[in-house]
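Read the structure below first, then the notes.
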Amino acid sequence: MKAPGFTEWLAHLPALNQAQRLQVLRALQPAAGLEQVVALIVRLRAGNRRCPRCKGPRWHRHGCANDLPRYRCRDCGRTYNDLSGTALARLRLRGKWLTYLDTMLASRPVRGAADELGVHRNTAFRWRHRFLHKVKDDKPRQLRGIVEADELFMLESQKGSRRLARPARKRGGRASRRGISRELDCILVARDRSGQTTDAVTGRGPLTAEQAERHLLPVLDPQALLVTDSHAAYRAFARKHRIAHQTVNLRRGVRVRAGAIHVQNVNAYHRRWREWLARFHGVASRYLPNYLGWRRALDGGRITSSDQLLGLAIKPIHSQR
């Protein structure tokens, strides 16, 4: 709009009634959100901007496209923007991203988030898992001190699959066998007393020593004390790698030993996880790592703003922590 036309339009604003003013604000909100998110993306990537092809750090500005600055790599000549090579590349409606991230901080279900943003529920669902793609990998490098580890089990779900590997069942359902079976997904959670938490979906059925080794050994401090229940897999893992290990026999009602030997912190985390997950009315097994990362980001107020969540989401797909 040219300046004279804009000045004339601006002069008519005081004559608008309240409903019309709200309508104008709603119309301007996406544009304001777009400017805010673009500025935030540029600021977050300014210190570690690299070519997605050759990983070269040398670049120069190369115009602007789709509201984002573009850059040309001085080493290989490729042009790119700050979202190239991330899970958010080519994702549209950027003006609504921060509002959507606010709904994720509030743990809104898909339909509630879609209604708030004015987008289709399928769009809200796809956005959820695009934003969580790198959030699920944001785990502590090491657990120190007293480290509690325990598993929880959830009924395997093929929700949303076009072809089932088993007969269909009603929503929810129950395992056909009692106890721990191959019908249950095993989730291993380890947590130290400072609140640092790591987790992994180890597979179906009971935990094995090999799975404990794969997921616990890289993050356990050599001087850490591992506290678990009396599962044989933990004993075998700790014995093999000479890790200090204490157990509590929950089956015999022993929950605390010597005041500090217990798994109540990690079991409390299990409870919070189940209560939080219930609002989504069941999630597919293939998406469990994403939901574990989402809950881990929210637990204890570790992620409190949409800016922080966006910063995790725009990490390059193949980058290391």
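Brief remarks follow.
- Simple spin-label estimate for Val24 and His129 gives 4.3 nm between the two label positions (7 Å along the Cα-to-Cβ direction from each Cα).
- Placing dummy labels 7 Å off each Cα toward the beta-carbon, the span from Leu105 to Asp137 is 2.5 nm.
- Calculated mean residue ellipticity, 222 nm, the chain: -11500 deg cm²/dmol, from DSSP H runs (n ≥ 4) at -39500 (n - 2.57) each, averaged per residue and rounded to 500.
- Rg/Rh for segment 1-82, where both radii come from Cα atoms and Rh is the Kirkwood radius: 1.22
- Working value for the chain: equivalent-ellipsoid semi-axes of 45, 25, 19 Å, each the square root of 5 times a Cα gyration tensor eigenvalue, largest first.
- Note on segment 38-182: the alpha carbon radius of gyration divided by the globular reference 2.2 N^0.38 Å gives 1.45.
- Binning the C-alpha pair distances of segment 196-235 at 5 Å intervals from 0 yields a P(r) profile of 5, 20, 31, 30, 11, 2, 0 %, listed from the shortest bin outward.
- Only one residue of His62, Cys73, Leu83 has its Cα farthest out toward the positive end of the dipole of segment 37-91, where Lys and Arg carry +1 and Asp and Glu -1 on Cβ, and that residue is Cys73.
- Sorted on the mean count of surrounding Cβ atoms within 10 Å across their residues, most packed first, peptides 102-114, 158-170 read 102-114, 158-170.
- Gain upon complete extension [Arg302, His60; 0.36 nm per residue less C-alpha separation]: 83.6 nm
- Cut-off 12 Å between beta-carbons: net charge of the residues surrounding Cys186, Lys and Arg +1, Asp and Glu -1: -4
- Taking the 1.4 Å solvent-accessible surface of the chain as the whole, the part contributed by carbon and sulfur is 50%.
- Label-point separation in nm, Arg255 to Leu217, each point 7 Å along Cα→Cβ: 3.4
- Normalised by residue count, segment 114-208 yields a Cα convex hull volume of 162 Å³ per residue.
- Radius ratio Rg over Rh of segment 203-321, counting only Cα atoms, Kirkwood formula for Rh: 1.00
- Between Arg90 and His120, full extension at 0.36 nm per residue minus the direct alpha carbon distance yields a gain of 9.0 nm.
- Protection proxy ranking of 68-77, 190-199, 220-229, by the mean of other Cβ atoms within 10 Å over each peptide's residues and highest first, is 190-199, 220-229, 68-77.
- Rg/Rh for segment 214-258 stands at 0.99; both radii use Cα atoms, and Rh follows the Kirkwood definition.
The values are calculated or read from the model by the stated rules, or taken from the named source; none is laboratory data. This one's a predicted model, so the numbers in the text were calculated from it and none came from an experiment. Cβ sites come from the backbone with ideal geometry, for glycine too, and all protein chains shown count toward neighbours. Side chains are part of the model used for accessible areas, which takes the heavy atoms of the whole protein and leaves out ligands, DNA and RNA. Shrake-Rupley method; radii C 1.70, N 1.55, O 1.52, S 1.80 Å.
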